[in-house]
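Let me begin by presenting the structure, written as structure tokens, before commenting on it.
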Amino acid sequence: MGNKSRETIYGASIRAAAEQAAEARKTADRLACEAWNKRMLGFQGPAQPSPTLGDAINAGFGYLEVRCLGCDTHQTIALDIVRRPKATPVHELERYMRCKDCSQVRGYPYKRSHLVALRATKITASDPPSTWWPGER
């Protein structure tokens, strides 16, 4: 007289529902990051509201592209090494960004930066910096 365990009866459906929920979260995070990117590239802002660091990493966007307004250089920051809680919105990182070259020239931390977009990869020769739409403004 043995009964089937609850794991045997409900286990597969519970695991399938959990996988569907994880996939739905990933899709929602990706769409939120893409919408933020389009707003940043299309209108040059506003940066808020923005997705959180955890949402961006979950969606596959591991880098944040930043442009220095002083020397007009583009740099990428890896989001997985940022020492902030994963619930921190991406736009809050803007005030902490400093251009190393401009800071050395001026002799003090130079904080004029502008968030450009979230990226899946670093800036390379084959994957150049993002440009504003339409054309360069």
When restricted to Arg98, Arg67, the only residue touching a strand residue (DSSP E or B) at 6+ places or on another chain (Cβ under 8 Å) and more than 21 Å from Thr131 (Cβ to Cβ) is Arg98
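Can you confirm whether Ala22 is assigned to a helix (DSSP H, G or I) and either in contact (Cβ under 8 Å) with a residue 60 or more places away in the chain or out of contact with any Leu (no Cβ under 6 Å at 6 or more places or on another chain) (or both)? Lay out the reasoning, then the answer.
Numbers: assigned to a helix (DSSP H, G or I): yes; either in contact (Cβ under 8 Å) with a residue 60 or more places away in the chain or out of contact with any Leu (no Cβ under 6 Å at 6 or more places or on another chain) (or both): yes.
Here the answer is yes, as Ala22 does meet what is asked.
For Cys33, state whether it is surrounded by 15 or more Cβ atoms within 10 Å (Cβ to Cβ), in contact (Cβ under 8 Å) with a residue 40 or more places away in the chain, touching a strand residue (DSSP E or B) at 6+ places or on another chain (Cβ under 9 Å) and within 24 Å of Pro128 (Cα to Cα). Explain how you work it out, then say what you get.
Working: surrounded by 15 or more Cβ atoms within 10 Å (Cβ to Cβ): yes; in contact (Cβ under 8 Å) with a residue 40 or more places away in the chain: yes; touching a strand residue (DSSP E or B) at 6+ places or on another chain (Cβ under 9 Å): yes; within 24 Å of Pro128 (Cα to Cα): yes.
Yes.
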Of the candidates Val82, Val90, the one satisfying the condition of being β-branched (Val, Ile, Thr), touching a strand residue (DSSP E or B) at 6+ places or on another chain (Cβ under 8 Å), farther than 20 Å from Pro128 by Cα and modelled with pLDDT of 85 or more is Val90
Pairing a residue in region 40-57 that is closer than 13 Å to Ala117 by Cα and among the small types (Gly, Ala, Ser) with any residue that is surrounded by fewer than 19 Cβ atoms within 10 Å (Cβ to Cβ) and at pLDDT below 90, where Cβ atoms lie under 6 Å and the two sit 6 or more apart in sequence or on different chains, gives Gly42/Trp133
When (1) of a type outside the set (Phe, Trp, Tyr); (2) at negative phi; (3) exposed (fewer than 14 other Cβ atoms within 10 Å of the Cβ) are applied to Gln75, the one that fails is (3)
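The values are calculated or read from the model by the stated rules, or taken from the named source; none is laboratory data. Nothing here was measured: the structure is a model prediction, and the numbers come from that model. As a convention, Cβ positions derive from the backbone with ideal geometry for all residues, glycine included, and neighbour counts pool all protein chains shown.
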